[in-house]
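Student: This structure is in C-alpha cells; I'll ask about it shortly.
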Amino acid sequence: MKKLLTIIGARPQIIKAAALNRAIRTKFADELTEVLVHTGQHYDHGMSEVFFEEMGIPKADYNLEIGSGSHGQQTSRMLDSIEQVIIKEKPDALVIYGDTNSTLAGALAAAKIHVPVIHIESGLRSFNKRMPEEVNRITADHASTLLYSPTKAGSRNLEKEGFRTLREAQQRGKADIDNPYVFHCGDLMYDNTLFYSDKADEYESLFEKHGIDKGNYVLSTIHRPQNTDDINVLSGILNALNEISLADDVQMVLPLHPRTANKIAQADDENIKKVQSNPNFKVIEPVGFLEMILLEKNSKLVMTDSGGVQKEAFFVKKPCVILRPETEWTEIVESNCAILAGSDPEKIKTAYNHFKAIPIPEFPEIFGDGKAAEFICRSIIDHLN
Ligand code: UD1
Ligand code: UDP
C-alpha cells in the first residue's frame, strides 16, 4: 500500500483532485491510500465546499486555513504548515496539481525533506514569467519525481528544459528527483467533464433562477490579475462584452470570481455602470462544478481567461475567445477552436464575430480518453519507489 499526501487549495485543484480521489476509491483502494490536505487558499463555500459536496470528495483530513494574502505571506504560511503535516504523516509521496501558490508550497516543502513529489498537470508553459503561475509551475516541475503532462506540448516543453524522455530516464534507473519520469497522460478535467456531463442536466433550474435564455448566451469568466488589477483593463473587457450583448441581442452570463467581484464593487466606472443597466448581463455568484458544465454545454460560445474553462469549452465543443495574450493550451488555438484576444476590446469583438460567421469547428482528440486518473494511479503504483 502506498500512501499519498495530496495538496489542494484553489478551486480547480479541488475539482482535479476529485477525479483522482474517485479512481483511488473505486479502483485502487487496495494499493493506494490518500490523505487530503486543503491549504485553505480558497475558502468561500462556493469556491471550495460546494465541490466536496457535489463531487463526493471526502472531507479533507487537514485544513490549514491559510486564506488570502500576498504571494510571500500565503506561500510561506503554507510551506511551514505543509512541512509539519508531511513530518507527521510520513507519506510515500506528495501529490500536487497545477500551478497555484498551494502547488509551489507543496513542492518545496516535500522536496526539501526528500519526499518524492508527483506533479499532475506538469509541463504547461505560457512563456510569460510575469504570471505567478509560470514561476510556480516551473519550480514545481523541477522539484518533482513523477511528472504527468496532460498534453504532448507539455511533454515537449519539459524535454526542452532538460528533462529526459521516459525511455531514457528508465534506462538510467529508478525514478527519483535526479532522474524524474515524465508521462503523457491525458487530462483529469476531461475525465470529470465526461463523468458529470449527464448529471449536470439535473441542474437546469439554474436557467430559470437567473432568467438565463438556454442556448442564447455567452458564458464568460474573468479572474486573472492581468485582467482585474487595473480597473481600466477590466472595464474595457466588460465594455466589449456589453457591446456584443447589445449588438447581437445575446445574454452574457458571468459567474464571477470573488477577486473580480471585489474589484467591480469598489469601482466607480462608466462602463461598469452601463453593464449593470443591461438586463442581458447576468452577473452571478460562482457556481458549482455541475452547474458550470451545464452552463458550458448550453452556451453559444465561451469567453474566458481561465485555464480550466477554456479546456472545458473545448471538451463540450464550444468555440472560445481566450481573454489572454497567450495560453498554455496551445493545441486548442492551433486547431482553430479558440482565439487569443487578450484584453483588447476590438480583438474580443472581432474574435466573437469570427466564430459567429463560421460553422462550428472540428474538435480533435487532444486531451486523452477520459481515463487519465486511472493511468496516473497505475503509473504511481508501478513507478513510485
Ligand atoms: C488562484 C491561483 C490561480 C488560479 C485561481 C483559480 C495563485 C497565485 N493563483 O488565483 O492560478 O487560476 O486561484 O481560481 O495561486 N477570495 C475570496 N474568497 C475565496 C478565495 C479568494 O474572497 O474563497 C478573494 C480574496 O480577496 C483574495 C482574492 O480572491 O485575495 C484572490 O485569491 P487568491 O487565491 O490569492 O488568487 P486567485 O485569483 O483565486
Ligand atoms: N468553475 C466552477 N464554477 C465557476 C467557475 C469555474 O465550477 O463559477 C470551474 C470550471 O468549470 C473549471 C475550474 O472551475 O473546472 C476552473 O477554475 P478557475 O477558472 O478558477 O481557475 P483556472 O483553471 O484558471 O486555474
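Readers should treat all values here as calculations from the given coordinates under stated rules, not as data from a laboratory. As the structure is a prediction and not an experimental result, all values here were calculated from the model. Glycine also receives a Cβ, built like all others from the backbone with ideal geometry; neighbour counts cover every protein chain displayed.
Student: Restricting to Cα pairs below 8 Å that are 6+ residues apart, what does the relative contact order work out to for the chain? Please round to a whole percent. Each step should come with its number before you reach the end.
Tutor: On the way: 726 pairs, mean separation 60.4, N = 385.
It rounds to 16 percent for the chain.
Student: Quick one: helix 345-357 against the long Cα principal axis of the chain, what's the angle to the nearest 10°, folded into 0 to 90?
Tutor: It is inclined by approximately 90 degrees.
Student: Under 8 Å for C-alpha pairs, at least 6 residues apart: give me the relative contact order for region 308-361, rounded to a whole percent.
Tutor: Taking the mean separation of contacting Cα pairs over the length of region 308-361, I get 33 percent.
Student: For region 11-22, what does the Karplus curve 6.51 cos²θ - 1.76 cosθ + 1.60, with θ = phi - 60°, yield as ³J(HN,Hα) per residue in whole Hz, taken in order and with x for Gly and Pro?
Tutor: Working through the residues one at a time gives 2, x, 6, 5, 5, 5, 5, 4, 5, 5, 4, 5 Hz.
Student: Per residue of region 112-123, in order, report the coupling 6.51 cos²θ - 1.76 cosθ + 1.60 (Karplus, θ = phi - 60°) as ³J(HN,Hα) in whole Hz, putting x for Gly and Pro.
Tutor: Karplus values, whole Hz, x for Gly and Pro: 5, 10, 6, 9, x, 9, 10, 9, 9, 6, 8, x.
Student: What is the magnitude of the charge dipole of the chain about its Cα centre, with +1 placed on the Cβ of each Lys and Arg, -1 on the Cβ of each Asp and Glu, and no other charges, expressed in debye to the nearest 20?
Tutor: The dipole of the chain has a size of about 580 debye.
Student: Continuing with the same structure: Can you tell me which lysines have their Cα less than 30 Å from the Cα of residue 88? Leave out same-chain residues fewer than eight positions away.
Tutor: Qualifying lysines at Cα under 30 Å: 2, 3, 16, 27, 59, 112, 174.
Student: Another question about this same structure. For region 59-208, take the convex hull of the Cα atoms, compute a quarter of its surface area, and give me that in nm², please.
Tutor: Mean orientational projected area (region 59-208, Cα hull): 11.6 nm².
Student: For region 136-195, compute Rg over Rh where Rg is the Cα radius of gyration and Rh is the Kirkwood radius from the inverse mean 1/r over Cα pairs.
Tutor: Values: Rg = 12.3 Å, Rh = 12.1 Å.
Using Cα coordinates only, the ratio equals 1.01.
Student: Can you give the percent of C-alpha pairs in the chain whose distance is more than 35 Å?
Tutor: Beyond 35 Å sits 23 percent of the P(r) for the chain.
Student: Provide the convex hull volume over Cα atoms per residue for region 236-342, in Å³.
Tutor: Dividing the Cα hull volume of region 236-342 by its residue count gives 106 Å³.
Student: Also: What is the Cα coordinate range of region 289-374 on the first, second and third principal axes, sorted by size from largest, in whole angstrom?
Tutor: 43, 24, 23
Student: Something else about it: Among 217, 190, 142, whose Cα sits farthest toward the positive end of the charge dipole of the chain (+1 at Cβ of Lys/Arg, -1 at Cβ of Asp/Glu, about the Cα centre)?
Tutor: The Cα lying farthest towards the positive end belongs to 142.
Student: Further question: How far, in degrees from 0 to 90, does helix 188-200 lean away from the longest principal axis of the Cα atoms of the chain, to the nearest 10?
Tutor: Helix 188-200 sits at roughly 50 degrees to that axis.
Student: Over region 57-197, what is the relative contact order in whole percent, taking alpha-carbon pairs under 8 Å and six or more residues apart?
Tutor: Relative contact order, region 57-197: 18 percent.
Student: Given labels modelled 7 Å from the Cα in the Cβ direction, how far is it in nm from residue 113 to residue 73?
Tutor: 2.5 nm
Student: While we're looking at this one, here's another question. Would you mind pulling out the separation of the Cα centroids of region 232-295 and region 40-78, in Å?
Tutor: 25 Å
Student: Could you tell me the calculated FRET efficiency between residue 276 and residue 168, based on Cβ-Cβ distance and R0 = 51 angstrom, to the nearest 0.05?
Tutor: E between residue 276 and residue 168, to the nearest 0.05, is 0.35.
Student: To one decimal place, what orientation-averaged projected area in nm² is obtained for the convex hull of the Cα set of region 1-137?
Tutor: Over every viewing direction, the Cα hull of region 1-137 projects on average to 8.1 nm².
Student: Further question: Could you compute the FRET efficiency for residue 284 and residue 197, with r as their C-beta to C-beta distance and R0 at 22 Å, rounded to 0.05?
Tutor: Numbers: r = 21 Å, r/R0 = 0.97.
That pair, residue 284 with residue 197, gives E of 0.55.
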